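The values are calculated or read from the model by the stated rules, or taken from the named source; none is laboratory data. This one's a predicted model, so the numbers in the text were calculated from it and none came from an experiment. Note that we place each Cβ from the backbone using ideal geometry, even for glycine, and neighbour counts take in every protein chain shown.
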Amino acid sequence: MIAALGAIAGLTLLFLLPNLNASIKYFLVVLWQIGLIASIMLVTYIPVFFFNTSVTARIFSAAMFAVSLSASLQIFATAGFINNFFINEHGLTVGSMLEVTIMTFGLFFSLLEEMKRKDVQVLALEQEQTETLKRLVSVQDHERKRIAADLHDNI
């Protein structure tokens, strides 16, 4: 799929050629639209696939959904199916801003979760260390009592 999308993107470079045949231009436009739709489907599918893995994955999935939705709206507006000046002119910008906002929230959420996880690990290590010290003191106390008893009994 990725190779096909790369080939489509490469073929669209033919638009840069001067005096390109109209039928070739039409074919390239159709090919480009197919590539966009396939890209949007891929960008939408991947986050859905990972949606149930973690909260962070859900946040990033929401960001990818926002950009997919704005790109889809932009394609429909460009094709003439949606006649809205704002979507036609600023649809991708709004989608990108929304994506960046959600991704930023996701990054901060992920960092906060990591900090909480580290705090829990440190607390568990401290409790384990406390338990180990208690057992050490108990073993030392038991050994002292045993030595004291041996000394007392032998004398």
Next item on the list: Can you run down the residue pairs with Cβ atoms below 7 Å, 6 or more apart or on separate chains, where the first is in segment 57-84 and hydroxyl-bearing (Ser, Thr, Tyr) and the partner is in a helix (DSSP H, G or I) and at pLDDT 80 or above?
Entry: Ser70/Val94; Ser70/Gly95
Item checked: In segment 1-34, the residues that are surrounded by fewer than 12 Cβ atoms within 10 Å (Cβ to Cβ) and in a loop (DSSP other than H, G, I, E, B) -> Met1, Leu17, Pro18, Asn19, Asn21
Next item on the list: Return yes or no: is Thr12 in contact with a Phe, Trp or Tyr (Cβ under 8 Å, 6 or more places away or on another chain), touching a residue at least 24 places away in the same chain (Cβ under 8 Å) and of a type in the set (Ser, Thr, Tyr)?
Entry: no
Check: Out of all the residues in segment 74-83, which are more than 17 Å from Ala38 (Cβ to Cβ) and either in a helix (DSSP H, G or I) or of a type in the set (S, T, N, Q) (or both)?
Finding: Ala77, Asn83
Notebook entry, point to check: Does segment 48-62 include one or more residues that are over 23 Å from Ala9 (Cα atoms), of a type in the set (S, T, N, Q) and assigned to a helix (DSSP H, G or I)?
Noted result: yes
Next item on the list: Tell me which residues, restricted to segment 107-154, are among the polar types (S, T, N, Q) and either exposed (fewer than 10 other Cβ atoms within 10 Å of the Cβ) or not in a helix (DSSP H, G or I) (or both).
Entry: Asn154
